[in-house]
Amino acid sequence: MSIIGDILSTTRDEVPDESGASVTYLIRKANVSYGRLAKILETLVQQGLLEQTTSDRACKYRISSRGREFLQAYRGFREFADSFGLRI
């Protein structure tokens, strides 16, 4: 869940250009291998949490409105768990 939160946060807040975040950029920010990230991105796109755009150069990812809702709920849950001393 933490990795998914990092990916969604990155695609929402830290995208270097308007077309979205590249796979390389997300690998660095989420600190995961390409293979693992590829599976996660595929799932997030299928679930409608990320939007994938493809250009001549590369695939890029942006957070969707559904992804924003998910991220807000995730952050709320994380804060709630932290208030009880639980680490997520």
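The values are calculated or read from the model by the stated rules, or taken from the named source; none is laboratory data. Please read these numbers as outputs of a predicted model, since none were measured by experiment. Because the Cβ atoms are built from the backbone with ideal geometry, glycine has one as well, and the counts that use them run over all protein chains shown. The area values use the complete protein model at the heavy-atom level, side chains included, leaving out ligands, DNA and RNA. Shrake-Rupley method; radii C 1.70, N 1.55, O 1.52, S 1.80 Å.
Mind giving me the FRET efficiency for Ile3 and Ser55? R0 is 30 Å, r the Cβ-Cβ distance, nearest 0.05 is fine.
0.75
Averaging sequence separations of C-alpha pairs under 8 Å and six or more residues apart, then dividing by the length of the chain, give the relative contact order as a whole percent.
It rounds to 30 percent for the chain.
How far apart, in nm, are the 7 Å Cα→Cβ label points at Tyr34 and Phe84?
With each label placed 7 Å out from Cα toward Cβ, I get 4.1 nm.
How much mean residue ellipticity at 222 nm does the chain get from its helices, if each DSSP H run of length 4 or more adds -39500 (n - 2.57) and you divide by all residues, to the nearest 500 deg cm²/dmol?
Here the helix-only value at 222 nm equals -18500 deg cm²/dmol.
Which residues does the label zone of Arg62 cover in the range 17-42, counting backbone N under 20 Å from a point 7 Å along Cα→Cβ?
It comes to 17-27, 41-42, nothing else.
Dipole of the chain, Cα-centred, from +1 at each Lys and Arg C-beta and -1 at each Asp and Glu C-beta, to the nearest 20 debye?
Here the chain has a charge dipole of around 220 debye.
Any idea what angle helix 34-46 forms with the longest principal axis of the chain, computed on alpha-carbon atoms, 0 to 90 degrees, nearest 10?
In the chain, helix 34-46 runs at an angle near 80 degrees to the longest axis.
Accessible area per residue, 1.4 Å probe, Å², for the chain: what's the number?
That works out to 68 Å² per residue.
For the chain, which chymotrypsin sites (Phe, Trp or Tyr not before Pro) are in a loop by DSSP, counting at most 12 other Cβ atoms within 10 Å?
Phe84
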